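Novice: Got a structure here, written out as structure tokens. Questions coming.
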Amino acid sequence: MILGEEDHINEEGEFVINMGPQHPSTHGVLRLKVWLDGETIKKVEPHLGYIHRSIEKMSESLSYRQYGYLTSRMDYLSAHMNNLACALVVEKALQIQVPERAQAIRVIICELARISSHILWFASAGLDLGGVTPFFYAFRDREAINNIMEETCGARLTMNYMVPGGVIADVPSNFQARVKEVLKQFKDNYHEYDEILMGNVIFQNRMMDVGVLTKEDAIALGCTGPVARASGVSCDIRKLYPYDGYEKLQFDEVILTGGDSWARCQVRMAEMLQSVHIIEQLIDNIPEGDIVAKTKNVIKLPKGEFYQRVETARGELGVYIVSDGASTPYRCKYRSPNFANLSAIPHISKGHKIGDLIAIMATIDLIIPDIDR
Amino acid sequence: MTNEELKNSFTQIFPAVTFDETGEFLNAIIPSEELLPVMKVLRSSKEFLFDYLFCLTCVDWKDHLMMVYFLKSNTHNHTIVVKAKITDTVNPQIESVYDIWKTAELNEDEVFDLFGVKFLNHPNLRRIFLEEDWVGYPLRKNYVDEHMIEL
Amino acid sequence: MLLTVTEMVIVGLCLLVFLILLAFFLGYMERKVAAFMELRLGPNRVGPKGTLQIIADTVKLLFKEGFTPDAADKFLFNLAPGIIITTALLAVAPIAYARGFQIWDINIGVLYISSVSSMAVIGILMAGWSSSNKYSLIGAMRCGAQIVSYELSIGLSLISIVVLTGSLSLNDIVESQANGWWIFKGHIPVMIAFVIFVVASTAEINRAPFDLVEADQELTGGFNTEYAGMKFAMFLMAEYINLFVVSAVAATIFLGGWMPFHIGGMTGFNHIMDYIPSSIWFFGKTLFIIFIIMQFRWTFPRLRIDQLLNLEWKYLLPISMVNVLLVTLMAIMGWHF
Amino acid sequence: MGLKDKLEFPGQIHETPDGGFMVTQLDAVINWARSNSVWPLAFGTSCCAIEMMHTVNAKYDWSRFGFEVMRATPRQADLIIVSGTIVMKMAPVLKRLYDQMPEPRYVIAMGACTISGGPFFYNTYSVVKGIDHIIPVDVYVPGCPPRPEALLHSMIALQEKIKNDAYFRKQVDKK
């Protein structure tokens, strides 16, 4: 609701409204202060911290086995990828060789998580623009993927499946069958999604030429993930700095050059198919073997600094660990993709209408707890 | 460029640099006063072209603060970590790099909020995460909070 | 004289009860249509199949704290729901529900309805302005632009039928369809007018995809952001009565109102159709159009304000103007059946 | 009436012990309406909000119980489901949202974070350790995050709670 009654209308005759912290389209507790001239946006200023939970400070007092669980609460839709980044940085520091079976399981689970995250984007993008029905359609597949997650890791949303050295538990015996079933269902439903929302003329008109982010701006603002790829920046960590055997897999990095909201939509839709493609390559040939490498009970990282990045559903997540040789990190910094993507909003929403701001926020696809950490 | 070439070129623009190659990336440590001119060269010079600042943070080493800038060039595909040492921990100050990389704006706000480093010439320096009247800088090692329950 | 007044009061009360029940039914129908489209079940715990859900909602809203914000203009704030619901109720008067059953057979029925229903904009502007809330104000300003624009298309598409029948009275228009509904008799131009009427009247009553006045995801409720309890329930009720009015008008003008489905020249067939009571014909057609408008709401994303106005001024208005010319030509030449 | 009788304040005198037949019946009608029409506020702060969205969707479908109408403005909402961590900066906003809701209003604390701070209990400088420090809570749902079934269960528990309310009886008691 409206906070800060100071300056209703300032000297230049601009109308100042506060979007958030409680606003249905900010997907959480983001607060945007918007300066309006009529309905046209003059300036947007993000105000953060309404869900700042001091995760970086907490990480300094948790061991290397524990600190990952907080990251599932950061970008909760990419919980697996976040946990993976935390596991990978420890593996890199200690030079642990992860068993191939664990790598394959990790990739399958991460790509499933990516699909379910993009489906949620699809659902909420429709909802933000007032189309309620796609929301319900998209959740069918999300439920199906959640069921797989639940059978595999025991949790639906905030998992702690990736541990240093591998994964915490083996996949259930019917895992392959279930995944194939879900993929088949998803591919059938994908055409529906393409038609019901992406094929809708109103939706296309709301998205096209709205919030154009140029390539130079995308790089200068540090945007990553689908947002940057829609502007023509090649930034897929899976291609640039492969981890966990992504280099052995066949998939395309989806790059469009439009830079507008519509391009961002298309990138996400295409990425879902690429994820399906990746899973299909792996699902029939998960190697046999261990699921976790042998590690010491108390993990201590050598003195030094370690940086590991993974491609989450929203872009590049970097984990920067400064270790002083103890069993807890000396300093732990998460370079979160949403924090950088957020800074694009003030730049690209100038001159648009209020309704466009909603469309821009829907396609940037922010997860607020990941911004605030 | 490889790390060796980067080192050579870097030494040419700023001789007083010290390097640290223990980690994954090449670390270049410079004093905080020299940050802005060095960064400008790194951004614009043809051989570097570091156009992408992908991580900006700070580390509190108790006797000094270390600003850390992760830079990457999308053209040459090389990475460097520039560290600026701030010796004054009571009233830390450093030049803002907002003019060079726009992404620095919010990141520098964050560092100001959590470490108390003041960025000169920053367009809108404010506490973005915590309330305006918050006392102290939580990620400093000497931060005390009597409400915090220690494990 | 006294008898007339008593009669008017009785009729008015009956109508009021009928409209309240109708609003309940439409509310229930909307939820079930939404559930049907969204693969859900919809309300099914309160009463048989959830039929009492809306009554529960209404009773709850009745006993909720009636709330007026401190900063609001209290008189206008409390007056606005009354104005909105009054305009909605006024428009119901000249509608013909069945053969020979019309509450007020006024000879300018079409004109009356279109002028009365456009007064709703006053209530919405009043609500938005007096709430002293920025979102409400933006919603109210949008409403002004929207309703004034779409009024034109509605008027023009109504005129095309007025031209064909030569009368403004709703009763005459229904009678003129005794040998076939206008949508069949009037060839393609009347079909175009029908489509334009349905689209424009959806915008006129601020329903999705033209619900920019409320725009939950943009303006957190728009003009009714600050309203709670019974005052908000009045907005909801006015929305459903308006929905009924525009659907009833569309059914009357284009689909023959209470007139059964007749084909000119086929007397036997017409007699069979006459056997079905005329009120069922009327409500069947009205509910069909309501169902279509409800499907709009749950299918389409919302338009942007400039797209909304473009749609009217660049497409609907020119098309309906040309369409009126075509219809006039058709009426003069007698090309219709 | 059982629980209510046990908790009666000692020394209080009632002229008509159960508020009389009329008042009780009115209460029953109002409680029936209120319990079956609980409109939640569209409010979610973090992870639990996703599980709340799952509860909305077709598999769980809370509209069956009358929770269908999600309002974006607190003025029209009856229930605030606090789904996700509340931090110090958010606490005044939550309080204000609660104050903006007209009576009667209900609160469900969804997830460990809102109950006690949950995973963010130790070593954190900014998290509120339980939203009952800020606003009164009707039903607590533990879990991190709770399953949609758990949320539905809590909402049905809230309905039970509303059904045992006594609106008119309290009015009579005041006199």
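Novice: Just the residues that are hydroxyl-bearing (Ser, Thr, Tyr) and in a loop (DSSP other than H, G, I, E, B), please, taken from the stretch A:250-309.
Specialist: Initial filter on the stretch A:250-309 (hydroxyl-bearing (Ser, Thr, Tyr)): A:257, A:261, A:275, A:295, A:307.
Matches in the stretch A:250-309: A:THR257, A:THR295.
Novice: Where residues in the stretch A:332-345 are in contact with a strand residue (DSSP E or B) (Cβ under 9 Å, 6 or more places away or on another chain) and part of a helix (DSSP H, G or I), which of them is nearest to A:ASP236 (Cα to Cα)? Outline the logic, then answer.
Specialist: Start the filter on the stretch A:332-345 by keeping residues that are in contact with a strand residue (DSSP E or B) (Cβ under 9 Å, 6 or more places away or on another chain), which leaves A:332-338, A:340-343, A:345.
Among the residues that remain, those that are also part of a helix (DSSP H, G or I) are: A:337-338, A:340-342, A:345.
Working: A:PRO337: 12, A:ASN338: 15, A:ALA340: 15, A:ASN341: 15, A:LEU342: 19, A:ILE345: 21 Å.
Out of the qualifying residues, it is A:PRO337.
Novice: Another one. Would you be able to tell me the number of residues in the stretch D:113-144 that are touching a Ser or Thr at 6+ places or on another chain (Cβ under 8 Å) and not β-branched (Val, Ile, Thr)?
Specialist: Total meeting the criteria: 12.
Novice: Kindly indicate whether B:LEU139 is in contact with a helix residue (DSSP H, G or I) (Cβ under 7 Å, 6 or more places away or on another chain), closer than 14 Å to B:ASP60 by Cβ and buried (at least 19 other Cβ atoms within 10 Å of the Cβ).
Specialist: Numbers: in contact with a helix residue (DSSP H, G or I) (Cβ under 7 Å, 6 or more places away or on another chain): yes; closer than 14 Å to B:ASP60 by Cβ: yes; buried (at least 19 other Cβ atoms within 10 Å of the Cβ): yes.
Here the answer is yes, as B:LEU139 does meet what is asked.
Novice: I've got another one for you. Quick check on the stretch C:184-200. Is at least one of its residues more than 27 Å from C:PHE296 (Cα to Cα) and not polar (S, T, N, Q)?
Specialist: Step one: filter the stretch C:184-200 for residues more than 27 Å from C:PHE296 (Cα to Cα), giving none.
No.
Novice: Moving on to the next point. State yes or no: is D:ALA109 buried (at least 23 other Cβ atoms within 10 Å of the Cβ) and within 13 Å of chain C (Cβ to nearest Cβ)?
Specialist: On the way: buried (at least 23 other Cβ atoms within 10 Å of the Cβ): yes; within 13 Å of chain C (Cβ to nearest Cβ): no.
So D:ALA109 fails the test.
Novice: Right, another one. Under 7 Å between Cβ atoms, at least 6 apart or on separate chains: pull out the pairs that start in the stretch D:116-144 with a residue that is within 14 Å of chain B (Cβ to nearest Cβ) and end on any residue that is of a type in the set (Asp, Glu).
Specialist: D:TYR122/B:GLU150; D:ASN123/B:GLU150; D:TYR125/B:ASP145
Novice: Of all the residues that make up the stretch A:192-213, how many are more than 23 Å from the chain's Cα centre (by Cα), away from chain C (no Cβ under 11 Å) and assigned to a helix (DSSP H, G or I)?
Specialist: Residues flagged as more than 23 Å from the chain's Cα centre (by Cα), away from chain C (no Cβ under 11 Å) and assigned to a helix (DSSP H, G or I) within the stretch A:192-213 amount to 2.
Novice: Could you identify the single residue in A:CYS86, A:CYS110 that is more than 21 Å from A:GLY28 (Cβ to Cβ), more than 14 Å from chain C (Cβ to nearest Cβ), surrounded by 24 or more Cβ atoms within 10 Å (Cβ to Cβ) and under 13 Å from the mean Cα position of the chain (by Cα)? Step through it out loud before you land on a result.
Specialist: Working: A:CYS86 fails: under 13 Å from the mean Cα position of the chain (by Cα).
The conditions single out A:CYS110.
Each row is one residue, and each column tells you yes or no for (1) in contact with a Phe, Trp or Tyr (Cβ under 7 Å, 6 or more places away or on another chain); (2) not β-branched (Val, Ile, Thr).
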| position | (1), (2) |
| --- | --- |
| D:PRO92 | no, yes |
| D:ILE108 | no, no |
| D:GLY111 | no, yes |
| D:ILE115 | yes, no |
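Novice: Looking only at residues in the stretch D:94-126 that are farther than 25 Å from D:GLU160 by Cα and not in a helix (DSSP H, G or I), which one is nearest to the chain's Cα centre (by Cα)?
Specialist: Residue satisfying both the conditions and the ranking: D:GLY117.
Novice: Oh, and also: Against the condition under 19 Å from the mean Cα position of the chain (by Cα), at pLDDT 85 or above and more than 14 Å from chain C (Cβ to nearest Cβ), how does A:ILE119 come out, does it pass?
Specialist: yes
Novice: A further question on this structure: Here is a list of conditions, (1) on the phi > 0 side of the Ramachandran plot; (2) surrounded by 18 or more Cβ atoms within 10 Å (Cβ to Cβ), and B:ASN77 meets all of them except one; can you say which number that is?
Specialist: Looking at each condition in turn, B:ASN77 falls short on (2).
Novice: So which helices (runs of 4 or more DSSP H) stay within the stretch C:214-278 end to end and still have 3 or more residues that are within 14 Å of chain D (Cβ to nearest Cβ)? Write out each step before concluding.
Specialist: Working: elements: C:216-219, C:229-255, C:267-275.
Result: C:216-219, C:229-255.
Novice: Another question, then. Checking C:SER132 against (1) at pLDDT below 85; (2) surrounded by 18 or more Cβ atoms within 10 Å (Cβ to Cβ); (3) within 14 Å of chain D (Cβ to nearest Cβ), which single condition isn't satisfied?
Specialist: With respect to (1) at pLDDT below 85; (2) surrounded by 18 or more Cβ atoms within 10 Å (Cβ to Cβ); (3) within 14 Å of chain D (Cβ to nearest Cβ), C:SER132 is out only on (2).
Novice: Can we say A:ALA93 is in contact (Cβ under 8 Å) with a residue 12 or more places away in the chain and more than 14 Å from chain B (Cβ to nearest Cβ)? Spell out how you get there, then give the answer.
Specialist: Working: in contact (Cβ under 8 Å) with a residue 12 or more places away in the chain: yes; more than 14 Å from chain B (Cβ to nearest Cβ): no.
Here the answer is no, as A:ALA93 does not meet what is asked.
Novice: Here's a follow-up. Restricting attention to the stretch D:55-83, report how many residues are under 15 Å from D:GLY44 (Cα atoms), at the interface with another protein chain (Cβ under 7 Å from one of its Cβ atoms) and part of a loop (DSSP other than H, G, I, E, B).
Specialist: 2
Novice: Find the residue count for the stretch C:28-57, including only residues that are over 19 Å from A:THR133 (Cβ atoms), surrounded by fewer than 20 Cβ atoms within 10 Å (Cβ to Cβ) and either touching a residue at least 12 places away in the same chain (Cβ under 8 Å) or assigned by TED's automatic domain parsing to the domain that holds C:LEU287 (or both).
Specialist: Residues flagged as over 19 Å from A:THR133 (Cβ atoms), surrounded by fewer than 20 Cβ atoms within 10 Å (Cβ to Cβ) and either touching a residue at least 12 places away in the same chain (Cβ under 8 Å) or assigned by TED's automatic domain parsing to the domain that holds C:LEU287 (or both) within the stretch C:28-57 amount to 2.
Residue-by-condition table, conditions (1) at pLDDT 90 or above; (2) closer than 26 Å to D:ASN36 by Cβ:
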position: D:GLY118; (1), (2): no, no
position: D:THR124; (1), (2): no, no
position: D:GLY130; (1), (2): no, no
position: D:HIS133; (1), (2): no, no
position: D:TYR140; (1), (2): yes, yes
position: D:GLY143; (1), (2): no, yes
position: D:ARG147; (1), (2): no, yes
position: D:HIS153; (1), (2): yes, yes
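Novice: For the stretch C:288-304, state whether one or more residues are more than 18 Å from C:SER201 (Cβ to Cβ) and surrounded by fewer than 18 Cβ atoms within 10 Å (Cβ to Cβ).
Specialist: Residues of the stretch C:288-304 that are more than 18 Å from C:SER201 (Cβ to Cβ), as a first pass: C:301, C:304.
Checking the rest, the ones that are also surrounded by fewer than 18 Cβ atoms within 10 Å (Cβ to Cβ) come to none.
Looking for residues that are more than 18 Å from C:SER201 (Cβ to Cβ) and surrounded by fewer than 18 Cβ atoms within 10 Å (Cβ to Cβ), one finds none in the stretch C:288-304, hence no.
Novice: While we're here: How many residues does the stretch C:22-66 contain that are over 23 Å from the mean Cα position of the chain (by Cα), more than 21 Å from D:TYR60 (Cβ to Cβ) and assigned to a helix (DSSP H, G or I)?
Specialist: Qualifying residue count for the region: 5.
Novice: Condition (residue is surrounded by fewer than 21 Cβ atoms within 10 Å (Cβ to Cβ), away from chain C (no Cβ under 14 Å) and in a helix (DSSP H, G or I)) applied to the stretch A:59-75: is it met by at least one residue?
Specialist: Looking through the stretch A:59-75, at least one residue is surrounded by fewer than 21 Cβ atoms within 10 Å (Cβ to Cβ), away from chain C (no Cβ under 14 Å) and in a helix (DSSP H, G or I).
Novice: Determine the pairs where a residue that is within 16 Å of C:LEU236 (Cα to Cα), located within the stretch C:1-21, has a partner that is outside any helix (DSSP H, G or I) with Cβ atoms under 7 Å apart, the partner being 6 or more residues away or on another chain.
Specialist: Cβ pairs passing all conditions: C:LEU19/C:VAL92.
Novice: Taking the condition over 22 Å from A:TRP35 (Cα atoms) and either assigned to a strand (DSSP E or B) or more than 7 Å from every other protein chain (Cβ to nearest Cβ) (or both), does A:PRO329 pass?
Specialist: Working: over 22 Å from A:TRP35 (Cα atoms): yes; either assigned to a strand (DSSP E or B) or more than 7 Å from every other protein chain (Cβ to nearest Cβ) (or both): yes.
Yes: the conditions hold for A:PRO329.
Novice: Restricting to the stretch A:145-176, give me the number of residues that are touching a residue at least 40 places away in the same chain (Cβ under 8 Å) and either of a type in the set (Ser, Thr, Tyr) or not assigned by TED's automatic domain parsing to the domain that holds A:MET74 (or both).
Specialist: Counting residues in the stretch A:145-176 that are touching a residue at least 40 places away in the same chain (Cβ under 8 Å) and either of a type in the set (Ser, Thr, Tyr) or not assigned by TED's automatic domain parsing to the domain that holds A:MET74 (or both) gives 3.
Novice: For C:ILE276, are the conditions met, namely being out of contact with any Lys or Arg (no Cβ under 6 Å at 6 or more places or on another chain), at pLDDT 85 or above and in the same structural domain as C:ALA248 (by TED's automatic domain parsing)? Walk me through how you get there before you give the answer.
Specialist: Numbers: out of contact with any Lys or Arg (no Cβ under 6 Å at 6 or more places or on another chain): yes; at pLDDT 85 or above: no; in the same structural domain as C:ALA248 (by TED's automatic domain parsing): yes.
Taking the combined requirement at face value, the residue does not satisfy it.
Novice: Moving on. Which ones in the stretch D:91-104 are over 21 Å from D:PRO142 (Cα atoms) and either surrounded by 24 or more Cβ atoms within 10 Å (Cβ to Cβ) or touching a helix residue (DSSP H, G or I) at 6+ places or on another chain (Cβ under 7 Å) (or both)?
Specialist: Selection gives D:LEU97, D:GLN100, D:MET101, D:PRO102, D:PRO104.
Novice: Could you please give the count of residues in the stretch B:1-54 that are farther than 14 Å from B:ILE100 by Cα, within 11 Å of another protein chain (Cβ to nearest Cβ) and not in a loop (DSSP other than H, G, I, E, B)?
Specialist: 2
The values are calculated or read from the model by the stated rules, or taken from the named source; none is laboratory data. None of these values were measured; they are calculated from a predicted model. Positions of Cβ are backbone-derived with ideal geometry, glycine not excepted, and every protein chain shown enters the neighbour counts.
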